[in-house]
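J.: Starting off with a structure, shown below.
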Amino acid sequence: MGRITASKETLKPDPRYGSLLASKFINSMMWSGKKSVAQRVFYEALDIIKEKMPNADPIEVFTTAVENVKPNIEVRSKRVGGASYQVPMQVNRTRQQSLAIRWILLACREKKGRRMSEKLAAELMAAYNREGAAMTRRENVHRMAEANKAFAHFAW
């Protein structure tokens with residue numbers, strides 16, 4: 001993952017909702033520089049959420065969904081004397097956000113047969129209600145960290 005970008009400094013809020021998180025999400029979703037396509041997919045997904053959840057603000061649903069998926073703790077491999085241990089560690093805030101975004105997008109891309117905007121809307125609503133594939137992945141990460149608590153003293 002050696003791609004370090006200055007996206008934090010250069011990130012502009014998205015045009016419709018003025019949200020930096022939405023902008024980051026659109027950038028992560030974008031393939032081969034097609035931002036207009038990514039934006040359209042994202043806004044269509046939010047419109048679908050607006051239809052399905054009329055009393056909720058779609059950007060609010062999106063933000064809460066990402067918040068819900070963020071992992072607090074993850075396991076990292078650490079070599080200690082010839083053995084690799086999975087050491088549970090705190091996740092810093094930027095990594096939490098990028099992991100959450102990545103997991104939501106992966107969950108959407110694994111599903112087949114519907115438009116991306118529909119899959120994204122479904123996944124965001126699921127994450128908002130603390131369910132769905134992205135949430136499952138977060139639970140698994142937390143479970144791994146819990147299971148390897150014994151190695152926590154190797155944390156550096």
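The values are calculated or read from the model by the stated rules, or taken from the named source; none is laboratory data. These numbers were taken from a predicted model, which means no experiment stands behind them. When we count neighbours, we look across all protein chains shown, and the Cβ atoms used for this are built from the backbone with ideal geometry, even at glycine. Note: accessible area is taken over every heavy atom of the protein model, side chains too, but ligands, DNA and RNA are not part of it. Shrake-Rupley method; radii C 1.70, N 1.55, O 1.52, S 1.80 Å.
J.: Below 8 Å, C-alpha to C-alpha, sequence gap of six or more: please give me the relative contact order for the chain in percent.
T.: 25 percent.
J.: As a test of reading the structure, rank L46, L21 by solvent-accessible area (1.4 Å probe, protein chains only), most first.
T.: Largest accessible area first, the residues go L21, L46.
J.: While we're here: For the range 60-126, what is the relative contact order in percent, using Cα pairs closer than 8 Å and at least 6 residues apart in sequence?
T.: Reported relative contact order: 35 percent.
J.: Suppose every Lys and Arg Cβ carries +1 and every Asp and Glu Cβ carries -1, with no other charges. What dipole size does the chain come out with about its Cα centre, to the nearest 20 debye?
T.: 600
J.: Modelled label-to-label distance, S77 and M144, 7 Å Cα→beta-carbon offset: nm?
T.: 1.1
J.: Once fully extended, how much extra length lies between E110 and K52, figured as 0.36 nm per residue of separation less the alpha-carbon to alpha-carbon distance?
T.: Working it through step by step, the gained length comes to 18.6 nm.
J.: With a 1.4 Å probe and all protein chains kept in place, how much accessible area does V69 have, in Å² rounded to the nearest 10?
T.: Using a 1.4 Å probe on the heavy atoms, I get roughly 0 Å².
J.: Taking a probe of 1.4 Å, how large is the accessible area per residue of the chain, in Å²?
T.: So the chain comes to 60 Å² accessible per residue, rounded to a whole number.
J.: List, in the order given, every pair from K24/K149; K70/K119; K34/K111 whose Cα-Cα distance in the structure shown is over 26 Å.
T.: Where the Cα-Cα span goes over 26 Å, the pairs concerned are K24/K149.
J.: Moving on to the next point. Using a 1.4 angstrom probe on the protein heavy atoms only, line up D57, D14, D47 by accessible area, largest first.
T.: Of D57, D14, D47, the descending order of accessible area is D57, D47, D14.
J.: How much of the accessible area of the chain, in percent, comes from carbon and sulfur atoms when a 1.4 Å probe is used?
T.: Whole-percent figure for carbon plus sulfur exposure: 52.
J.: Another one. Could you compute how much accessible surface M29 exposes when probed at 1.4 Å, giving the result in Å² to the nearest 10?
T.: 10
J.: Which of the chymotrypsin sites (Phe, Trp or Tyr not before Pro) found in the range 1-102 are in a DSSP loop and have at most 14 neighbouring Cβ atoms, other than their own, within 10 Å?
T.: Sites meeting the loop and neighbour criteria: W31.
J.: A follow-up question, please. Net charge within 14 Å of A100 by Cβ-Cβ distance, Lys/Arg positive one each and Asp/Glu negative one each, not counting A100 itself?
T.: The answer is +4.
J.: Now for a separate question. Helix 35-52 versus the longest principal axis of the chain: what is the Cα-based angle in degrees, 0 to 90, to the nearest 10?
T.: Approximately 80 degrees, to the nearest 10.
J.: Quick one: check the C-alpha center-to-center distance for the range 129-148 versus the range 50-68, whole angstrom.
T.: A separation of 21 Å, based on Cα centres.
J.: Here is a follow-up. Hand me the trypsin sites (Lys or Arg not before Pro) from the range 7-63 located in a DSSP loop with no more than 15 other Cβ atoms within 10 Å, in residue order please.
T.: R16, K34
J.: Select from the range 61-119 those trypsin sites (Lys or Arg not before Pro) which occupy a DSSP coil region and have at most 13 other Cβ atoms within 10 Å, ordered by residue number.
T.: Hits after loop and neighbour filter: K112, R114, R115.
J.: Further question on the same structure: Just name one of L99, G82, N140: the one whose Cα is farthest towards the positive end of the charge dipole of the chain (beta-carbon charges, Lys/Arg +1, Asp/Glu -1).
T.: In the chain, that residue is G82.
J.: Provide I104, I73 ordered by accessible surface of protein heavy atoms (probe 1.4 Å), highest first.
T.: My answer, sorted largest first, is I73, I104.
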